Amino acid sequence: MRTTRSVDLPVLYFGTPVALITTVNPDGSSNISPISSAWALGTRYMLGLGAEGQAAANIERVRDLVINLPSADLVHAVEAIAPTTGRSPVPAEKVPAYRHEPDKWSLGGFTPVPSDAVIPFRIAECPVQIEARVAQIIPIDDGDALAVEAEVLQVHVHEDILKAHGPDRIDTDKWDPLSYAFRHYFAQGRRVGSNFRAPLLDDPVVA
């Protein structure tokens, strides 16, 4: 039996997909916020945000957002905007690691695309773009962070990661999401198996 020991880890980022959240700034422009706490449950997306960031302020004011999922080849674009914030002045807890940047679109080389159902722009370069609206916001960690439940309204996917035939399905051999673990970035690893319910998505019965 392998031995274990009790540890005091500084972060619990064991591995999650990176998401780029676009929200509406007070001047009507769209802000981009990289986050590493994002997961889906049915038609809802759960997001974890720092309460002092511009994304949190925007979401509390305008409850529209887009959850853009970058592929691994966008890692340098993501990291280019990672040490920036849309807040001015920069919140005290982010000094000196972060700097204010009003135009993250140009800094990351991202292209804004109008959304269908929400106000913020989508990021054209991201293979998956999920338009959503806030269902509820829950303060956590004594209010230092927010857990955001968002209702998915519309999903846009690059055609080259979709299966060529049949109903709309992601081709998992072509989808290479950018992942984050202990503040390092990773591409998707090799397939090691499939869940017993995978055929319901991979080979759906067409009536």
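The values are calculated or read from the model by the stated rules, or taken from the named source; none is laboratory data. For clarity, every value in this text was computed on a predicted model and none was experimentally measured. Cβ: placed from backbone, ideal geometry, glycine included. Neighbour counts: every protein chain shown. Only protein heavy atoms, including side chains, enter the accessible area calculation; ligands, DNA and RNA are left aside. Shrake-Rupley method; radii C 1.70, N 1.55, O 1.52, S 1.80 Å.
Numbers below:
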item: Within straight-line cross-link reach of residue 94, lysines at Cα separation under 29 Å, skipping those fewer than 8 residues along the same chain; result: 104
item: Residue-normalised accessible area of region 127-202, expressed per residue, 1.4 Å probe, Å²; result: 68 Å²
item: Three-way shape label, the chain, alpha-carbon gyration tensor, a/c 1.5; result: oblate
item: Cut-off 12 Å, label 7 Å out along Cα→Cβ of residue 113, residues of region 131-169 by amide N; result: 131, 155-161
item: Cβ-based charge dipole, the chain, positive-most Cα from 28, 155, 138; result: 138
item: Mean separation of Cα contacts under 8 Å (6+ apart) over length of the chain, as relative contact order %; result: 23 percent
item: Alpha-carbon centroid distance for the pair region 111-161 / region 32-47, whole angstrom; result: 8 Å
item: Region 1-45, accessible area per residue, ligands and nucleic acids excluded (1.4 Å, Å²); result: 69 Å²
item: DSSP-defined antiparallel bridges as percent of all bridges, region 78-207, nearest 5; result: 90 percent
item: Normalised contact order of region 88-207, rounded percent, pairs of Cα under 8 Å and 6 or more residues apart; result: 12 percent
item: Within the chain, helix-based [θ] at 222 nm, where runs of 4 or more DSSP H residues each add -39,500 (n - 2.57), nearest 500; result: -3000 deg cm²/dmol
item: Cβ-based net charge around residue 118, under 13 Å, with every Lys or Arg adding one and every Asp or Glu removing one; result: -1
item: Charge tally in the Cβ shell below 14 Å around residue 133, where Lys, Arg are +1 and Asp, Glu are -1, residue 133 excluded; result: -3
item: Mean separation of Cα contacts under 8 Å, 6 or more apart, over the residue count of region 145-189: relative contact order %; result: 20 percent
item: Of all accessible heavy-atom area on the chain, the percent that carbon and sulfur account for (1.4 Å); result: 54 percent
item: Three-way shape label, region 1-71, alpha-carbon gyration tensor, a/c 1.5; result: prolate
